[in-house]
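Everything below concerns the one structure shown next.
The values are calculated or read from the model by the stated rules, or taken from the named source; none is laboratory data. Predicted, not measured: the structure shown is a model, and the values here were computed from it. Please note: Cβ atoms are built from the backbone with ideal geometry, for glycine as well, and neighbour counts cover all protein chains shown. These accessible areas exclude ligands, DNA and RNA; they are computed on the full protein's heavy atoms, side chains included. Shrake-Rupley method; radii C 1.70, N 1.55, O 1.52, S 1.80 Å.
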Amino acid sequence: MTIINNIKDTALIFEGGGMRASYTAGFLNNLLENEIYFDYVAGISAGSSHTVNYLSRDPERARRSFVELVQDPQFGGWRSFLKGEGFFRSEYIYEETSHPEGPLPLDFETFMANPAQLRIGVFEREQGKVIYYTKDDIHEMKDLMKIVRSSSSMPIFMPPTQYKNHTYVDGGLGGGIALDIAKQDGYKKFFVILTREKGYRKQPMKFKRTIRAYYRKYPKVAKAMLTRHLIYNETLDELEELEREGRAFLVYPDTMPVSNREIDFEKLTNSYKLGYAQGKWDLPNWKAFLGL
């Protein structure tokens, strides 16, 4: 299988945001349908799922991951949260659904055949820092989905993920936008798909004492949660400066109709449709920036 990518000088970055990714799945599918194939893709949290679906070139899975899957009775909800399985049942969502016979099969062969570089950010609980996995770390489907699950393990609402003698929580604790690794890897241009409207800035977390108490055994996690807004906002400031310099294209949702924990199928369907329509309308501007 030969897969060719046509965007070599620009990093594609997917922001996380839980079920807000239903909207940005519409952006992703506009990229695929118009054969806009980046040779470097980085994602964190829900953005890691987008990264995998994009690299496996699977528009149907990109939509179903954040829309139809909520209809699965094993997806999650408050009942599973109270049972200790998480509001989103991450082991099921990431590891059990992806097999060929599962409800959300992943084309692992196409994913591995894609020559694009991959970066998925996870937050190591004991070290208290973000670590980026690459395709060199992936040898079978189990590796990939453990890494995506690790990146997406939302604090409090999902249990942490154990993988190769490490414990991981959501990669978004390090900020949530993988600009740092793309710069480190030498990229000067960036196409960034965001899950918040233009002008948004993250506010400091409330209930600081509660968070410190909840993570009293893991103070580095608590600290990351309480300082995340600073890193996130600094990254957005930097991206806006890069955009002014002509070195970044920032794709913002015109509106964001759902929260990161939305599980209503109709609302998620509408969110996807809005994102898809916006992407279709904005496509000429994307192509102009990318030189297509």
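Looking at this structure, is Asp39 surrounded by fewer than 16 Cβ atoms within 10 Å (Cβ to Cβ), farther than 20 Å from Ile156 by Cβ and out of contact with any helix residue (DSSP H, G or I) (no Cβ under 8 Å at 6 or more places or on another chain)?
no
For segment 6-18, enumerate the residues that are under 30 Å from Met158 (Cβ atoms) and either surrounded by fewer than 24 Cβ atoms within 10 Å (Cβ to Cβ) or of a type in the set (Asp, Glu) (or both).
Glu15, Gly18
Just to be sure, is Ile156 more than 19 Å from Tyr54 (Cα to Cα), aliphatic (A, V, I, L, M) and assigned to a loop (DSSP other than H, G, I, E, B)?
yes
Looking only at segment 120-132, count how many residues are closer than 19 Å to Ala11 by Cβ and open to solvent by 30 Å² or more (accessible area, probe 1.4 Å).
Qualifying residue count for the region: 3.
Hey, can you tell me all the residues within segment 158-178 that are more than 23 Å from Tyr214 (Cα to Cα) and surrounded by fewer than 21 Cβ atoms within 10 Å (Cβ to Cβ)?
Residue satisfying the conditions is Lys164 alone.
Does Ile3 fit the bill of being in a loop (DSSP other than H, G, I, E, B) and either open to solvent by less than 10 Å² (accessible area, probe 1.4 Å) or touching a strand residue (DSSP E or B) at 6+ places or on another chain (Cβ under 6 Å) (or both)?
No; evaluated as a whole, the condition is false for this residue.
Only residues that are under 17 Å from Asn53 (Cα atoms) and part of a loop (DSSP other than H, G, I, E, B): list them for segment 110-138, please.
Correct list: Asn114, Pro115, Ala116, Thr134, Ile138.
When you scan segment 150-157, do you find a residue that is modelled with pLDDT of 95 or more and either of a type in the set (A, V, I, L, M) or open to solvent by 30 Å² or more (accessible area, probe 1.4 Å) (or both), even just one?
Checked against the condition, which is being modelled with pLDDT of 95 or more and either of a type in the set (A, V, I, L, M) or open to solvent by 30 Å² or more (accessible area, probe 1.4 Å) (or both), segment 150-157 yields no hits at all.
Search segment 250-268 for residues being within 17 Å of Ala46 (Cβ to Cβ) and hydroxyl-bearing (Ser, Thr, Tyr), and hand back the single one that is least open to solvent (accessible area, probe 1.4 Å).
Applying the filter and picking the extreme gives Tyr252.
Can you find even one residue in segment 42-55 that is surrounded by fewer than 24 Cβ atoms within 10 Å (Cβ to Cβ) and of a type in the set (Gly, Ala, Ser)?
no
Just the residues that are of a type in the set (D, E, K, R) and within 16 Å of Ile193 (Cα to Cα), please, taken from segment 40-73.
Passing the criteria: only Arg63.
May I ask you to list the residues in segment 209-268 that are closer than 26 Å to Asp282 by Cβ, outside any helix (DSSP H, G or I) and β-branched (Val, Ile, Thr)?
Val251, Thr255, Val258
Please verify whether Lys198 is outside any helix (DSSP H, G or I), more than 18 Å from Phe123 (Cβ to Cβ) and open to solvent by 90 Å² or more (accessible area, probe 1.4 Å), treating the condition exactly as stated.
It is true that Lys198 is outside any helix (DSSP H, G or I), more than 18 Å from Phe123 (Cβ to Cβ) and open to solvent by 90 Å² or more (accessible area, probe 1.4 Å).
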